[in-house]
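The next block holds one structure in the form of structure tokens; read it before the comments.
The values are calculated or read from the model by the stated rules, or taken from the named source; none is laboratory data. Everything numeric here is computed off the predicted structure, so don't read it as measured data. A quick note on method: Cβ atoms are made from the backbone with ideal geometry, for glycine too, and the neighbour counts reach across all protein chains shown. SASA here: full protein model, heavy atoms, side chains in, ligands and nucleic acids out. Shrake-Rupley method; radii C 1.70, N 1.55, O 1.52, S 1.80 Å.
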Amino acid sequence: MKKIFLLLVINVITHFIAPYSAKAQTQKLIDSLSNVLKKQSPNDIAYGRTLVSLAHAAENVDSCSVYSDRLIVCVQQQLKTNPKNVAMAELQELLAEGYTQKATALAYQNDDKKVIEYIEKSQKIAQKYRFTNIEALNYLTLGAVMFNQGETDNAFKYYRNALGLFTE
């Protein structure tokens with residue numbers, strides 16, 4: 001149980017708590033990624049990867065949500081226009097990441113119903129293609145939702161699932 005709590009704390013610190021001194025560096029990263037994005041085609045997988053990076057680097061929940069939404073729409077459009085795309089697994093991974101990022105943003109807005117909806121979409125793709133890191137992050141997010149709802153038994157079940165995937 002200590003390992004699960006430690007893993008959760010490390011995840012929160014590394015992904016969601018940026019030290020004040022790093023704010024300028026983070027803004028430089030966002031500006032740089034934004035410039036790269038302007039030069040890319042929305043029909044290119046690299047465009048989606050840049051949106052993932054922007055969602056991760058976003059300094060606030062609203063920005064993360066906007067980048068996640070753009071990613072989801074972009075990938076869905078690529079899948080519709082080219083259903084026999086040779087990079088199908090990579091597009092599916094981007095879509096799963098987009099859903100996970102959107103769920104994370106919604107978790108900070110305490111919209112548990114939507115969080116679960118996006119996590120279920122992401123998890124379906126992640127399990128089909130065996131994207132274990134995405135599966136594990138989804139379990140961590142579900143665990144946090146359950147913990148916030150006071151369902152600690154369910155929360156720890158999800159944390160254990162995540163830990164099992166991280167240690168595979």
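Please work out if residue 66 is free of Cβ contacts under 8 Å to residues at least 24 places away in the same chain, open to solvent by 20 Å² or more (accessible area, probe 1.4 Å), under 28 Å from residue 29 (Cα atoms) and β-branched (Val, Ile, Thr). When the stated conditions are applied, residue 66 passes them.
Selection over the range 124-163 of residues that are among the polar types (S, T, N, Q) and crowded, with 23+ Cβ neighbours inside 10 Å gives a count of 2. Screening the range 66-78 for residues that are of a type outside the set (S, T, N, Q) and out of contact with any helix residue (DSSP H, G or I) (no Cβ under 6 Å at 6 or more places or on another chain) and picking the one that is farthest from residue 123 (Cα to Cα) gives 66.
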